[in-house]
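Take a look at the structure set out below.
What follows is calculated from the coordinates using simple rules that are stated; it is not laboratory data. Keep in mind it's a predicted model, so treat the numbers as computed, not measured. All Cβ positions, even for glycine, are placed from backbone atoms using ideal geometry, and neighbour counts span all protein chains on display.
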Amino acid sequence: MSKKKIQISPLQLTFLFITLVISTADIFTPSFVAQDAKHDSWISAILASVAMVPVLFICLGLYNQHKGKCLVEICMETAGNFFGRLIGFLYALYFFVVAIGAAMSLTIVLNISFLPQTPPWVIVIVSVLVAIYGVYSDLEVVARVNDLLLPLGMGSLVFLLLLNVNEYDFNFFRPVLAEGILQPVRGAVVILGYLCETVVILQMLHFVSRQEKINIAVFMGLLITGGAILAGTLIYAVFGPLTEIFIIPSLELARFSSVGKYIQNLDVLILAIWITGIYIKLMIFTYAGTYAMAIIFRLKNYRTIIFPVGFFLCGIVFSNIDARVTELYFMHYIIPIYALVMAMVVPGILLIISKIRKKAKGEVKGK
C-alpha cells in the first residue's frame, strides 16, 4: 500500500488517546461500574488506571521493537506473512467492532432520550456518513478537528461537575470496601476494557512527528483520562444507589443540573459532547480498520474500501438496533474481556516473540 506522508504531533496523539476513551466511557460505564462496585466505584477507577500502565508498557515495548511500523506490519514482521496477516485481520475486525459499538451507543442515546420519533436507521446512516467523510479526509484532518473539540468537551464536563458541588454527598462512598475487594475489581475490569481500546494507537504511532515524545504523550493521555474517569464517579456522590438503576447516569446528572432558576436541563450540553466525541472515535477506528485491511490485502490506497466498510458497519448496526438489552449486556460483560485480550494478551505474546527473535539474531551475528 502506498504511504502518503502523514504526521500528527505528540500533543495530538495525547488528545486522540483521551477522546478514544472519554467519548463513550461516560455514557453507560458509570451505570455498569456502579452495578459492580457500588459505593467503591472510585476505587475501580484508580485500579483500572494503574492496571493500564503495564498494558501501555507492553504496547509501547512492542512498537519500540518495530519502530516505523504500524500494528498490522508489526504482526506480519513478528508472526510471519500468513499468521501475521491473520492476526492483523483479527485486529481489523476488533476495530470495526468498537466502531459498531460507538455507533450503537450514539443511536441508543439519541433515540431513547432526544429523538424518540426518529427512525434509528436515520441516525445510523448520518453517523456512518460523517465517519466515512472524516476517514476519507485522512488522519491529520481528524486529529486537527479533535484539537478543537476535545478542550471544549472536557471544559463542559468540568463545568457540569463543578455545577453540582453543593449536591455531592460523600457519605454515599462509605463504608469503604464493605463487601471486599472483588466488587471494585469487577468494576475496574469494565473501565479497563474501555482504556484498552487505545491499542488502536499502535496503528498510527509511526505517524507521530517526534518519535522520542511518544511515551510521554501516551502516559500523559492515560493520566488525564484516568483523572477524568475518577471525576466521573462523582455521579455516585449525587445519586447514590440510583446510579445503578439509571441507564445513562451522566445524562441524568445533566438534566439535574441548573444555572440559577432559568437555565435548566443542560442535557443538550452533554449531548453535544457525546456527538462530537463519538464521531471522532468512529473516524479513528474506521480509519484504523480500513488502513489495516488495505495492508493485509495489499491495496494501493485504503480509500478504495471506505464505502464498502461503511455499508458493512451500517448493516451490522441495523441488524442489532432493536436488541438494546443484548447490546448493553455485550458492552458490560463481553467487550472488556475482548479488549483485554487484544490490548494485553496478543501484544504481550508478540513482544515475547520479538524479543526471542531479536536475541536469536544477535547470537547468530555474534558467532
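Computed values, structure above
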quantity	calculated
Sorted by Cβ neighbour density within 10 Å, fewest at the top, the residues H66, H332	H332, H66
As computed over the chain, the Cα convex hull volume per residue (Å³)	138 Å³
29 Å Cα cut-off, lysine pairs counted over segment 10-353 (separation 8 or more, or different chains)	9
The chain, relative contact order [Cα under 8 Å, separation at least 6], %	40 percent
Burial ranking of peptide ranges 34-45, 169-180 (average Cβ count within 10 Å, highest at the top)	34-45, 169-180
Mean Cβ count within 10 Å, highest first, over the residues of peptides 105-117, 69-81, 122-134	69-81, 122-134, 105-117
V145 versus V126: modelled label distance in nm, points set 7 Å from Cα along the beta carbon direction	1.5 nm
